[in-house]
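What follows is a short report on a single structure.
The values are calculated or read from the model by the stated rules, or taken from the named source; none is laboratory data. The structure presented is a predicted model; accordingly, all values stated were derived computationally and were not measured. With ideal geometry, Cβ positions are generated from the backbone for all residues, glycine too; neighbour counts draw on all protein chains shown.
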Amino acid sequence: MDDDRDAPVPPQADPAPARRLRLLVDTPAGRRLSLPAALVLAVASGLLAVLAFPPYGLWPLAAVSVAGLGAAVHRRRPRGGLGVGFVYGMAFFLPLLAWSSTQVGQWPWLFLCALEALATGLLGAALAACSRLVDAHRWTWAPLTAVAWVAQEALRSRQPFGGFPWGRLAFSQADAPTAAAAWLGGAPFLSFLVALAGGLLLAAGFALATRKGAGLKTAAALTAAAALTAVAPLAVPLGATAPAGDTINVAVVQGNVPRLGLGFNEQRRAVLDNHVDATLDLAADVAAGNAEQPDLVVWPENASDIDPIENQDAYDRISEAAAAIGAPIVLGGIVHNDDGTRSNMSIVWDPVAGPVFMYSKRHPVPFAEYVPYKGFFRTVAGWIDPRMAEGIDNVAGFEAGDNPGIVKVGDLELSGLICFEIAFDAETTASVREGAELLAVGTNNATFDTNEAQQQLAMVQLRSIEHARDGLMASTVGVSGFTDHTGEVSQATEFNTAAVIQTDLTLSDRSTPATAMGILPEAVLTGAALVALACAVSMNLRHRRSQT
């Protein structure tokens with residue numbers, strides 16, 4: 001390769017201001033790492049990314065991880081980038097999603113991680129294919145890295161089987177100054193900024209490695225730019241759309257789940273009884289003047305795994321709790337449909353009228369709440385382990401709902417999102433656009449661990465910032481808590497405990513730029529990635545033809 005462009009420029013031909021500009025936009029691209037070094041760097045970078053997420057919360061490491069993957073794939077062939085990117089993804093997703101193995105077992109966990117890692121593999125291939133473009137136009141390195149990362153997240157948030165957005169860069173930033181960027185352009189724009197900072201660190205690292213005296217200055221300038229990218233969102237005017245409506249008192253009931261000594265049906269009934277009894281205790285505290293009368297009570301997903309519509313005993317117990325507390329209860333329940341399927345519901349239970357409104361979960365979890373291509377996967381599972389095939393047979397067929405995640409409680413409208421739905425941009429945005437004045441997420445973390453619960457609460461934090469809504473997460477076992485429009489968490493509960501938390505939340509009908517634009521930022525950034533990739537492929541083909 002011709003290195004003349006990297007040669008020092010005589011001072012008389014390159015005045016100081018021009019030289020400083022050249023250092024910023026003409027960062028040397030560096031040489032390709034050996035394959036062993038690239039694989040080691042990919043694994044290390046994937047593990048660093050894990051530490052950026054809860055429960056560790058070392059959010060700056062997200063950008064460092066982006067830089068590491070970029071360095072590992074630079075100047076590799078696309079197929080080499082695919083492999084290195086896949087290794088990065090496995091190093092990232094295996095520990096990040098380890099909690100899922102407690103519910104579905106090791107093989108489905110490995111399968112899920114491999115599917116997610118295919119997306120980072122495609123990212124690695126795309127970044128590798130763009131190496132020549134970066135070498136020709138060095139200033140493109142950081143923005144190209146950023147838009148490619150957003151495109152990868154957009155892909156795996158939708159495919160396969162409806163997507164699985166866990167582990168997006170944005171979700172590592174809930175407690176970072178960068179998080180305020182979600183108010184401007186949602187989670188995709190926040191991921192873009194994190195990856196942009198990573199791209200700047202990548203360029204800084206190569207500048208330091210390939211230049212001598214000038215490299216230190218270049219690296220310092222690029223590192224400063226990365227730091228500025230992280231703190232610039234502090235200037236976002238979150239207060240401009242702060243909730244300013246009526247205030248309501250909300251109680252969240254975390255009833256806890258019995259762990260030992262009960263059969264399946266007995267456990268389901270015990271979970272329901274736990275939430276009823278905790279609500280009755282709250283009603284007693286209200287009557288004694290030890291607690292404020294709530295306007296609304298929220299129970300988590302699966303608070304009633306016994307269908308409360310067809311089971312009279314469950315119906316009576318929930319009605320007893322609602323009448324005692326004198327407030328509507330929003331609860332998660334399993335409802336049987338006429339066609340033999342089931343629905344995962346958010347149900348509004350009025351103290352007088354009983355069930356008056358139901359929202360059906362629109363994103364059932366593949367392989368947990370339904371099995372896509374069930375015959376195919378049952379056959380494959382049987383080859384691996386007959387017990388897996390039996391497990392697939394036992395997966396309930398949950399029907400997906402059609403309507404946006406809105407729950408109506410009298411004149412109040414709140415999001416009724418269930419569990420993983422909070423990870424999907426479209427679900428949260430649709431609920432707010434439909435009129436949600438509060439964000440409410442019901443979840444059942446009983447079969448997972450604290451890592452999953454804390455990662456999910458971070459998503460609620462981010463959505464509160466994104467849409468300027470007070471929010472809450474109600475869990476069967478923890479973590480439950482409240483969030484405000486700045487993402488601050490209050491009254492977070494302990495894991496595997498029974499708890500009741502209560503606070504005043506402010507309603508809002510205001511719209512943020514992110515709410516108004518919806519999918520637009522993600523579409524623009526993904527489109528930019530596709531254009532850049534097309535330009536890179538064209539450049540590579542022209543180079544190949546010139547060599548023949």
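Some values worked out for this structure:
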read-out	value
Those strands (runs of 3 or more DSSP E) lying entirely in the stretch 321-383 with at least 2 residues among the aromatic types (Phe, Trp, Tyr) and more than 22 Å from Pro108 (Cα to Cα)	354-360
Conditions (1) buried (at least 24 other Cβ atoms within 10 Å of the Cβ); (2) assigned by TED's automatic domain parsing to the domain that holds His275; number of the one not met by Thr497	(1)
Strands (runs of 3 or more DSSP E) wholly inside the stretch 458-542 containing at least 1 residues that are of a type in the set (Phe, Trp, Tyr)	481-483
Subset tally (residues that are closer than 25 Å to Thr515 by Cα and within 24 Å of the chain's Cα centre (by Cα)) for the stretch 240-260	3
Candidate set: the stretch 500-511, residues that are within 16 Å of Ala440 (Cα to Cα) and polar (S, T, N, Q); chosen: the one surrounded by the fewest Cβ atoms within 10 Å (Cβ to Cβ)	Thr506
Selection from the stretch 341-386 of residues that are at pLDDT below 75, closer than 23 Å to Leu272 by Cα and of a type outside the set (D, E, K, R)	Ala368
From Ala209, Ala151, Ala179, residue being of a type in the set (Gly, Ala, Ser), surrounded by fewer than 21 Cβ atoms within 10 Å (Cβ to Cβ) and not assigned by TED's automatic domain parsing to the domain that holds Ala468	Ala209
